[in-house]
Amino acid sequence: MAKNYFIAKNEQSLSKTYRELILWFKEKQYEVDGTEAEGTYFIQAKKTGTIRTLLGTNLAFQVKIFWSKEPTVAQEFIVETSTGKWITNLTGAGITAMFTGGFTVLTGIAGAGWALIVESEIITYIEKNLQFQKVKKADEPIKETSSTNQSSSSSDSLANSSARQKAINKVEKESQKLESALENGILTEAEYKAKNLSLQARIEEYEIEFLIEERIAKFQQAFTEGILDAEEYEAKVKTVEEEVRHQIINHRNEQKKAEKVAKLKEALDNGILTEDEFKVKVTEL
């Protein structure tokens, strides 16, 4: 998700932030666990009750707290946030757990709003309650304002096309890994064919995921700008997946129908079908 930089007050700034954030999560009725290894503090937290059911029992909000290796001030520490799978036996997992990569919000689209909201609340808490000054990095990307967001049907079409290409590119990269595994004797020919066939079938699902990411970006921007409050943002995000899936499925069905009509028309032109047979078959589509 994001790295946020803060000016440390003393050597205890990391441990203080770590302890206070654990208490913050507990006060908000999160199940929380934390550990420290090699100077890095790690926290994982997941919701209980009905929210936990909505997000999934293994979806956790993760926080890493560590010293900056290239500080812009005398003492600077980083609070890195992400989402990932809840790690059992966190203490035993140690430093390995801290460098387990997070995963996309699309593991449960309802979690998209939840994660962004938690991140925003944590950063505000560190600034306002713990009184650590946030450092603005020179290379931080400047966010576009909401007025620059495209909302026309043509922009949706462009996003759809972009998402499709991203999905194809992702499958191609994964397919190359399978080819390498086949060449190195890791996979048999039969295993390779089965895995590659399954991979090709994922293109549409990947397209949906990328399109959802593109759609929720405008809601995220509106939330960070204060245009939407937390509840409004969450409500909008929850509708995105259903809308996108409906749009993609309808689009694919229309494409398939058009392809079948084209084949029937070819059969009609070649005398294979009569005019009446052609009309009946088109009506059945």
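The values are calculated or read from the model by the stated rules, or taken from the named source; none is laboratory data. As the structure is a prediction and not an experimental result, all values here were calculated from the model. With ideal geometry, Cβ positions are generated from the backbone for all residues, glycine too; neighbour counts draw on all protein chains shown.
Taken as a whole, the range 257-265 holds no residue that is within 17 Å of the chain's Cα centre (by Cα) and touching a residue at least 24 places away in the same chain (Cβ under 8 Å). Scanning the range 188-206 for residues that are farther than 20 Å from ILE248 by Cβ and surrounded by fewer than 12 Cβ atoms within 10 Å (Cβ to Cβ) yields a total of 4.
State all residues of the range 7-27 that are more than 13 Å from LYS64 (Cα to Cα), buried (at least 18 other Cβ atoms within 10 Å of the Cβ) and of a type outside the set (Gly, Ala, Ser); if no residue qualifies, say none. Across the range 7-27, the qualifying residues are TRP24, PHE25. Among the conditions (1) surrounded by fewer than 17 Cβ atoms within 10 Å (Cβ to Cβ); (2) touching a helix residue (DSSP H, G or I) at 6+ places or on another chain (Cβ under 8 Å); (3) at pLDDT 70 or above, the only one that GLY185 does not satisfy is (2). Would you point out the residue of the range 5-30, among those that are under 14 Å from VAL118 (Cα atoms) and not hydrophobic (A, V, I, L, M, F, W, C), that is modelled with the highest pLDDT? So, considering only residues that are under 14 Å from VAL118 (Cα atoms) and not hydrophobic (A, V, I, L, M, F, W, C), the one modelled with the highest pLDDT is LYS26. Taken over the range 8-30, the residue count meeting the criterion of being under 19 Å from LYS47 (Cα atoms) and either among the aliphatic types (A, V, I, L, M) or in contact with a strand residue (DSSP E or B) (Cβ under 8 Å, 6 or more places away or on another chain) (or both) is 8. The set of residues in the range 119-166 being outside any loop (DSSP other than H, G, I, E, B), among the aliphatic types (A, V, I, L, M) and at pLDDT 85 or above consists of ILE122, ILE123, ILE126, VAL135. Screening GLU225 with (1) surrounded by 13 or more Cβ atoms within 10 Å (Cβ to Cβ); (2) closer than 30 Å to GLU121 by Cβ; (3) over 19 Å from the mean Cα position of the chain (by Cα) gives one miss only, at (1). Filter the range 170-193 down to the residues that are within 27 Å of the chain's Cα centre (by Cα) and free of Cβ contacts under 8 Å to residues at least 12 places away in the same chain and list them by number. Passing the criteria: GLU172, LYS173, GLN176, LYS177. If you filter the range 44-74 down to residues that are exposed (fewer than 15 other Cβ atoms within 10 Å of the Cβ) and within 24 Å of SER15 (Cβ to Cβ), you find that the one that is modelled with the highest pLDDT is LYS69. With respect to the conditions (1) in a helix (DSSP H, G or I); (2) over 30 Å from PHE223 (Cβ atoms), GLY271 falls short on a single one, namely (1).
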